[in-house]
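Chemist: Have a look at this one.
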Amino acid sequence: MLDGLIISVDAMGGDDAPDIVIAGIEYFLKHAGAGRHARFLIHGDEAALAPLLAKAPKTLARCEIRHTESVIAMDAKPAHAMRRGKGTSMWNTIAAVKSGEALVALSAGNTGALMAMSKLILRMKEGVQRPAIAARWPHQEGFGVVLDVGANLECDANQLREFAVLGEAYYRTLYKKKRPSIGLLNVGTESLKGNATIQAAHDSLSCSKIDLNYIGFVEGNDISMGDVDVIVTDGFTGNIALKTAEGTARLIGKFIKGALQDNFFSKIAAIFNLPALRRMKKRMDPRLFNGGVFLGLNGVVIKSHGGTDAIGFASALNVAIEMADSTFLDEIERTLDALHDEDDNLEIHIP
């Protein structure tokens, strides 16, 4: 039986599982987590996992395989996944957090199924309607947090307000900032911009007495500029923004690579600027920011991109370790208690 800081991992979730999952753990232990004493419960087909771990004995020493042959397909509908969920690698990964065997669950599998199972097994925190996926977002000042990035395609004003509270607690815990700034994503910063839901959420956050540092409406360009710490939006908008940013980063990287290989002189210039180019490449690499956190559950679940590689999966593991080491769940409890106390004292309806 493993002891210490335990992460529960769905080894069969993702486009290239289980190879990428094991390679990601190996990369993490070599480059990021060797001194963190992390251990991993690996859920999946032992016949497929054992040979992969045998090739990496140092990784094997940190892992325990929990055998299951049942897997949730990447294209499975959430309802279908729920009907056959028990006993699958994804279900068992989350159940390990529920039982207390692990501190955090991580999967690169089907997002809808992972969300549905997480809600069923771990349950929502009292007063939270739906969980949100929070993603770290690099900007010129460091990192921001954007939520939701895919869990809820449509949200009402109450849910957006909850996302603001959850995102604020997440940012405060992770980056140790006492009062992170919060913005509501809109098509403009003017007070009359946006639909009825956005307007209602804005009014509620503006009038809140729970000491949120709410600065009002922000626009899409503010996500990357670093003027606001937490940006709140619905999952449809947030997911499109996230995928657009990742695609843009890759495109710019290809443009730069092409320009530096264009002729002899550009290649010489590239050699002299190699350290700076490497730093820029690292800052633009979307794999290094992989790992979205499901906020609002009675436990911590991390969603990795399904199509990531070993480096990307290692980044999601790094998020998992940070969350396991944090007081995030306690911070959310405190902030949600303040939100619920405020609701009890207000007789208003937010559409």
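Chemist: Do you know which of the residues in segment 194-215 that are free of Cβ contacts under 8 Å to residues at least 60 places away in the same chain and β-branched (Val, Ile, Thr) is surrounded by the fewest Cβ atoms within 10 Å (Cβ to Cβ)?
Modeler: Out of the qualifying residues, it is Ile215.
One line per residue, one yes/no per condition, for (1) surrounded by fewer than 24 Cβ atoms within 10 Å (Cβ to Cβ); (2) in the same structural domain as Ile321 (by TED's automatic domain parsing); (3) free of Cβ contacts under 8 Å to residues at least 24 places away in the same chain:
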residue: Gly100; (1), (2), (3): yes, yes, yes
residue: Val104; (1), (2), (3): no, yes, no
residue: Met117; (1), (2), (3): no, yes, no
residue: Gln140; (1), (2), (3): yes, no, no
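Chemist: I'm checking my understanding of the structure. Among residues of segment 51-64 that are modelled with pLDDT of 90 or more, part of a helix (DSSP H, G or I) and touching a helix residue (DSSP H, G or I) at 6+ places or on another chain (Cβ under 9 Å), which one is surrounded by the fewest Cβ atoms within 10 Å (Cβ to Cβ)?
Modeler: Selected residue: Ala54.
Chemist: Here is a further query. Of the residues Glu64, Glu69, Glu46, Glu26, which single one is among the charged types (D, E, K, R) and within 25 Å of Leu288 (Cα to Cα)? Give the steps one after another, and end with the answer.
Modeler: Numbers: Glu64 fails: within 25 Å of Leu288 (Cα to Cα); Glu69 fails: within 25 Å of Leu288 (Cα to Cα); Glu46 fails: within 25 Å of Leu288 (Cα to Cα).
Going through Glu64, Glu69, Glu46, Glu26 in turn, just one is among the charged types (D, E, K, R) and within 25 Å of Leu288 (Cα to Cα): Glu26.
Chemist: From (1) within 20 Å of Leu160 (Cα to Cα); (2) in contact with a Ser or Thr (Cβ under 9 Å, 6 or more places away or on another chain), pick out the condition that doesn't hold for Ala245.
Modeler: All conditions pass for Ala245, except number (1).
Chemist: A further question follows. Only one of these conditions is not met by Arg123: (1) within 26 Å of Gly296 (Cα to Cα); (2) over 20 Å from the mean Cα position of the chain (by Cα). Which number is it?
Modeler: All conditions are met except number (2).
Chemist: Failed condition for Ala157, given (1) in the same structural domain as Ala196 (by TED's automatic domain parsing); (2) under 23 Å from His305 (Cα atoms), with all others met?
Modeler: (2) is the only condition that Ala157 fails.
Chemist: Same structure, new question: Can you confirm whether segment 225-246 contains a residue that is basic (Lys, Arg), within 25 Å of Pro131 (Cβ to Cβ) and at pLDDT below 90?
Modeler: Filtering segment 225-246 down to residues basic (Lys, Arg) leaves 243.
When the remaining residues are screened for being within 25 Å of Pro131 (Cβ to Cβ), the result is 243.
Imposing the further condition that a residue be at pLDDT below 90 reduces the set to 243.
Yes, that holds for at least one residue.
Chemist: Please enumerate the residues belonging to segment 65-78 that are in a loop (DSSP other than H, G, I, E, B) and touching a strand residue (DSSP E or B) at 6+ places or on another chain (Cβ under 8 Å). First the steps, then the outcome.
Modeler: Just the residues of segment 65-78 that are in a loop (DSSP other than H, G, I, E, B), to begin with: 68-69, 71-77.
Once the filter is applied, which keeps residues that are in a loop (DSSP other than H, G, I, E, B) and touching a strand residue (DSSP E or B) at 6+ places or on another chain (Cβ under 8 Å), segment 65-78 yields Thr68, Val71, Ile72.
Chemist: Only one of these conditions is not met by Ile268: (1) under 26 Å from Gly235 (Cα atoms); (2) assigned to a helix (DSSP H, G or I); (3) at pLDDT 75 or above. Which number is it?
Modeler: (1)
Yes/no per residue for (1) part of a strand (DSSP E or B); (2) touching a His at 6+ places or on another chain (Cβ under 6 Å); (3) at pLDDT 95 or above:
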position: Ser8; (1), (2), (3): yes, no, yes
position: Met12; (1), (2), (3): no, no, yes
position: Asp16; (1), (2), (3): no, no, no
position: Tyr27; (1), (2), (3): no, no, no
position: Arg36; (1), (2), (3): no, no, no
position: Arg39; (1), (2), (3): yes, no, no
position: His43; (1), (2), (3): yes, no, yes
position: His80; (1), (2), (3): no, no, no
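Chemist: Okay, moving on. Out of the residues in segment 122-138 that are assigned to a strand (DSSP E or B) and out of contact with any Asp or Glu (no Cβ under 6 Å at 6 or more places or on another chain), which is surrounded by the fewest Cβ atoms within 10 Å (Cβ to Cβ)? It would help to see each step written out before you state the result.
Modeler: Here is the first cut: in segment 122-138, the residues assigned to a strand (DSSP E or B) are 124, 132-138.
Narrowing the set further to residues that are out of contact with any Asp or Glu (no Cβ under 6 Å at 6 or more places or on another chain) leaves 124, 134-138.
On the way: Met124: 14, Ala134: 28, Ala135: 23, Arg136: 22, Trp137: 19, Pro138: 18.
Among them, the one singled out is Met124.
The values are calculated or read from the model by the stated rules, or taken from the named source; none is laboratory data. Remember, it's a predicted structure, so these values are computed and weren't measured experimentally. Every residue, glycine among them, receives a Cβ derived from its backbone with ideal geometry; neighbour counts consider all protein chains shown.
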